[in-house]
Amino acid sequence: MGQSASFSCSRCSEPACIGAGETARCERHFREEFAHEVRRAVREFSMIKPRERVAVALSGGKDSVVLLHQLAELRQKLPMELLAILVDEGIAGYRPPTIAVARKACKKLGVPLHIVTFKSETGKSLDSILRRRGKGGARRAKGAPSTGACTYCGVFRRLLLNKSARRLGADKLALGHNLDDAAQTLLLNVYRNETDRLARFWPVSREEKEGETPAAPRSGRRAETPDFIPRIRPLIRIPEREVALLAELEGYGIRHQSCPYANEAMRQTVRAQLNEMEDRYPGTKRRIFNAWMEMGKNEKSTAARDASHALQTCKTCREPSSQDECVACRMKREIAGKK
Amino acid sequence: MERNGTRETGRPGRPDIRLDGRKTAVVGRPGSVRELLALLKISPQEALVRVDGKIRPDGFGLAGAKKVEIIRVVFGG
């Protein structure tokens, strides 16, 4: 079968790399529209102000590397100081190659990289924490349960990112969450009736100033505390597949390998469901996200969220927490075998 | 041995198909990238396909293709 015009970019006559018909795009136009969507999200949710210091949570995977790349390009139009923070959990065989990718990307883009480790925070790597708990190490049998791995990882990762960003004087912490992550998270929280988490979800973790922009509600998704570095998600409007495509086109040598502990069964089910829906009804993920954004602008529900999600200070480590004592401190005691 | 519409050996005259770097042969004659992914039971949302060195859209025809590389998009990163 010869290639018809539908596989040429609808903006020019070059061969397309994605889409069909009106949505077909060549590499150049795909890149341009990708950058436009990132700028749009940054502007719409007032994510970055001129000359702010932005720390990118960099793992060396496709999302965070593309995020770093996009923000580095955005510096031409929106002056900002960029730095990258990489959390090394200590997962043998998985993390070292991604660190190499992260180093290469930072060098290419001229962004300083700061690496912090689970071991420095908890005294143990994730592998050894999980081995100790008897829940399988990195070399566990395929398909074996890994309950708890993502919970430990998420808690300590967030703690280390916030602490490091604060220590490095960052105004914002940029995360590589994409449209698929957002749609999955929203649906998961509905399926699990996790209303607190659902209420907190937003492209920015708080707003700097009350009423600054109509697109970002009055609410901070969290009440302000000086120790909490606001999180931003500039890729929130970009589908995961397009993030992967840009990573390939830019040639960063991303390894398409899953974390050996990634076994959050319900999220994988939701991911498959959403992908099937997107295939049958293109635009499904975007509509889910947009519906949530519209609901989030409702002042009444926002005020209710403010009241129930104020951040406190952990009584043990003084880090921001939604409870008297943060989950990380409780986990550290558990890891150390103390009650 | 067949698994998910694939087997480990290819046939002469057909494109060299690689899934995550491993050589793979499909049962049937996919006319397009989308048909190939369907044979392999891979969602088009979860894969990028490089045909003769260039990433191509789902509807792209495979007639005359020499090398087809399927890159599965992993969650996270």
message = If you take each beta carbon of peptide A:269-276 and count the beta carbons of other chains within 10 angstrom, what is the mean?
response = 2
message = Would region B:13-72 count as rounded, prolate or oblate if I go by the C-alpha gyration tensor, calling it rounded below 1.5 in a/c and otherwise prolate when a/b exceeds b/c, oblate otherwise?
response = rounded
note = With label points set 7 Å from each Cα along the Cα-to-Cβ direction at A:T316 and B:D52, the distance between them in nm comes to 6.2 nm
query = Points 7 angstrom from Cα along the Cβ direction at A:R53 and A:H114: gap in nanometres?
reply = 0.7 nm
request  = For the pairs A:K108/B:K66; A:K172/A:K297; A:K163/A:K332, note any where the Cα-Cα span goes beyond 25 Å.
outcome  = A:K108/B:K66
ask   = Which pairs in the list A:K119/A:K315; A:K77/A:K104; A:K62/B:K54; A:K49/A:K285 are over 26 Å apart, alpha-carbon to alpha-carbon?
value = A:K49/A:K285
note = Taking a crude spin-label model, label points 7 Å out from Cα along the C-beta direction, the A:R255 to A:E334 distance in nm is 2.8 nm
query = So, by mean Cβ neighbours within 10 angstrom, what's the order for A:289-296, B:28-35, A:25-32 with the highest one leading?
reply = A:25-32, B:28-35, A:289-296
request  = Please list, in chain and number order, the residues 5+ apart from A:I115 or on another chain whose amide H is under 5 Å from its amide H, with Hs placed from the backbone.
outcome  = A:L86
key: Residue-span extension gain [A:Q273 to A:R11] - 0.36 nm each, minus C-alpha spacing   = 91.1 nm
In Å², nearest 10: area of A:F156 left accessible to a 1.4 Å probe = 0 Å²
note = Partner shielding of B:57-68, as the mean number of partner chain Cβ atoms within 10 Å, equals 4
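The values are calculated or read from the model by the stated rules, or taken from the named source; none is laboratory data. Fair warning: this is a prediction, and the values are worked out from it, not measured in the lab. Positions of Cβ are backbone-derived with ideal geometry, glycine not excepted, and every protein chain shown enters the neighbour counts. Heavy atoms of the whole protein, side chains included, go into the accessibility calculation; ligands, DNA and RNA do not. Shrake-Rupley method; radii C 1.70, N 1.55, O 1.52, S 1.80 Å.
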